[in-house]
Amino acid sequence: MKRLSLDEAKILLEKCRASLKQVDMTRGRPSKQQLEIGMRMLVRAGELDYTYAGGDARNYGDMKGIPAARELFAEVFGVSKENVVVLDGSSLSIMYRLVANAMDFGVMGCNPWREQGRVKFLCPAPGYDRHFAICEEFGIDMVTVPMLADGPDMDMIERLVEEDASVKGVWCVPKYSNPTGIVFSDSTVKRFAALKPAAKDFRIFWDNAYIVHSLTGEQHHLENIFDAAKKFGSEDMVYELTSTSKITFAGSGIAALAASEGNIADFISHLQFEMINPNKVNQVMHAAYLKDVDNITRIMGEHAALLRPKFELVDRRLFEAFGRDCPDVKWTRPLGGYFISLDVNGVAARVGELTKYAGVKFTKVGATYPYGKDPHNSNIRIAPSIPSLEELDFAMDALISAIAIALEE
Ligand SMILES: Cc1ncc(COP(=O)(O)O)c(C=O)c1O
C-alpha cells in the first residue's frame, strides 16, 4: 500500500486533466464487447419459427407474452408459468406501471393510493437511484432504511411496515444489490416474506435485476421469495422483476414480472387498455437464444470473463492506495452485478468535483440515496463495466488522487 502525499496527489490529478481523456462511469451499462455476445441471437433470427401452438408471434394476441418466454422466466424465477408476464425491454417500466396503477386504480380492489393521503415507500440505501426517482415522480414520501451486510435493516422495516398503514412499498435489489453488491441472506428473505403489513395494499418490489449476474462463475444462493411467502400465505405481497438488459441488449431485451395470480390478473386488467400485446417477435428470438437457465449461466460466464478483470482492477488500485483497514476509504468486493460501492468518509461531493475536473464522471454523488441526499456525503457508485482496462486505470488515477486530496483538505 502506498498512500499518496498531497503534492503527489495534486500532480497526478493535473496529469489526468492534461491528458484530456474523458471516461464516463455514470451508469451500469454493458460494454461493446458484452453487447457483441448477444449478436448471435440476431444471426439466427430470420430462420426461427415465429408460430407456436395457439399463436403467431408476428400477429396480435398473448398479452402476457409467448408461452416459451413465460416458461423461460418461470425457470429463472423458480415459479410457475401462470405467475409470469413477459413484456418489452425494461423491467423499470413495469415497476413504474405498477406504481402508477396503484396510485390511480388501487391494488387488488383497495382504494387508489392517491386517495389515501400521503403514502410512503421504504428505501434501503445506498440503493438504485431510479427506484427513488419513481417515488419522486409520484410524490411518494421516501423513508431511508440503512443497508446492512446481509440486506436492509429488517428491524426497522418490520417496525415501519407493521405499524404504519401509509407505508405502501419497499424497494429491494436482493441479489448483487445496486450498488453494494450484497446478496440478501436467507433470514432477510424470510423476514420479508413474514411481514404482516398494516396496509393490505403494501407491496415488496423485489427487483431481481441481477438474478443470474455472477462475476465469479459460482452461483450464489438467494432464497426464493415466493417459496418463503408460501409458508406465510403472503404471496400477494410480492412483485418480482427482472430483464435481459444485461444478458442480451440493454433496453432492447425482454423483461418479466412474477407475481401471485391475483396480482397478475390485477396488472393485466389495466394493461389491456394500454397494449394488445408486447413485442413477441423479440420474445421468440430471446427464448430460442437463451433456451434455459443452464444456457443463460453459460452466456453469463462470457459476460463475467469480460467484467471480472475490471472489477479486479478497481479493487487492486484501491487496495494499493488505501489498504483494507483505512477508516476513511471503504469499498465493496461484489460477487456479481454491475457496481462497486465506495465510501469516502464525508468527502464524496468533493471527490466528485475533483474527478470531473480530471475528466472522469461517476454517478452523481448522493444519487444512491432518496432525494439525491447522502446524509453522510460518503457514497460513490463505481460502474466499471463500460471503460476499457486502460481507461479504467486512468479513471482510478483520477479517483485515487481525488480521494487523497479531498481527505487532506
Ligand atoms: C437494480 C436495477 N433495476 C433495474 C434496472 C433497469 O433494468 P431494465 O433495463 O430492465 O429497465 C437496473 C439498471 O441498471 C438496475 O440496476
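A short reminder: the numbers here are calculations on the coordinates, not readings from a lab. Just so it is clear, the structure is predicted and the values come from calculations on it, not from any experiment. Neighbour counts run over all protein chains shown; Cβ positions are idealised from the backbone, glycine included.
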Which whole-Hz ³J(HN,Hα) couplings does the stretch 364-381 yield from phi under the Karplus relation 6.51 cos²θ - 1.76 cosθ + 1.60, θ = phi - 60°, glycine and proline marked x?
-> 3, 4, x, 4, 7, 10, x, 6, x, 10, 7, x, 9, 6, 10, 8, 10, 9
Rounded to the nearest Å, what's the spacing between the alpha carbon centres of the stretch 342-370 and the stretch 90-129? Just the number, please.
-> 29 Å
Calculate the all-directions average of the projected area of the stretch 44-296's alpha-carbon convex hull, and give it in nm².
-> 13.1 nm²
So for R0 = 56 Å, FRET eff. of Glu158-Thr51 from the Cβ-Cβ r, to 0.05, ends up at 0.65
Among the DSSP beta bridges whose two residues both lie in the chain, what percent are antiparallel, rounded to the nearest 5?
-> 50 percent
In units of 2.2 N^0.38 Å, what is the alpha-carbon radius of gyration of the stretch 269-377?
-> 1.56
State which entries of Lys175/Lys246; Lys175/Lys231; Lys168/Lys231 exceed 19 angstrom in Cα-Cα distance in the structure shown.
-> Lys175/Lys231; Lys168/Lys231
Debye intensity ratio in log₁₀ form over the Cα atoms of the stretch 171-275, taken at each q of 0.12, 0.16, 0.21 Å⁻¹ = -0.45, -0.79, -1.20
To the nearest 500 deg cm²/dmol, what mean residue ellipticity at 222 nm is calculated for the chain from DSSP H runs of n ≥ 4 alone, each contributing -39,500 (n - 2.57), summed and divided by the residues?
-> -13000 deg cm²/dmol
Of the peptides 148-156, 171-179, 343-351, 36-44, how do they stack up when ordered by the mean number of other Cβ atoms within 10 Å, highest first?
-> 171-179, 343-351, 148-156, 36-44
What is the distance in Å between the Cα centres of the stretch 183-198 and the stretch 263-283?
-> 29 Å
Under 13 Å from the Cβ of Pro334, count the other residues' Cβ atoms, weight Lys and Arg +1, Asp and Glu -1, and hand me the total.
-> +2
Ranked highest first by the average count of other Cβ atoms within 10 Å around their residues, in what order do 117-125, 15-23 fall?
-> 117-125, 15-23
Hydrodynamic radius of the stretch 289-350 per Kirkwood, over alpha carbon pairs, in Å = 13.7 Å
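Which entries in the list Lys32/Lys361; Lys230/Lys291; Lys2/Lys373; Lys32/Lys356; Lys15/Lys356; Lys190/Lys330 go over 25 Å, if you measure between the two C-alpha atoms of each?
Correct reply: Lys230/Lys291; Lys2/Lys373; Lys190/Lys330.
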What is the sum of charges around Val79, taking Lys and Arg as +1, Asp and Glu as -1, for the other residues whose C-beta is under 13 Å from the C-beta of Val79?
-> -4
Could you please report the charge total around Arg308, scoring K, R as +1 and D, E as -1 over all other residues with beta-carbon less than 14 angstrom from its beta-carbon?
-> -1
Once the Cα gyration tensor of the stretch 91-199 is diagonalised, what are the square roots of 5 times its eigenvalues, in whole Å and ordered largest first, as equivalent ellipsoid semi-axes?
-> 23, 16, 12
Amide H neighbours of Tyr52 under 5 Å, at least 5 residues apart or on other chains, H built in the peptide plane: list them.
-> Ala57
Taking H placed 1.01 Å from N in the peptide plane, check which residues at least 5 places from Gly336 or on another chain put their amide H under 5 Å from its amide H.
-> Leu215
Amide H contacts under 5 Å for Val23, placed H, 5+ residues apart = Val360, Lys361
Taking 93-103, 281-291 and ranking on average Cβ neighbours within 10 Å, highest first, one gets 281-291, 93-103
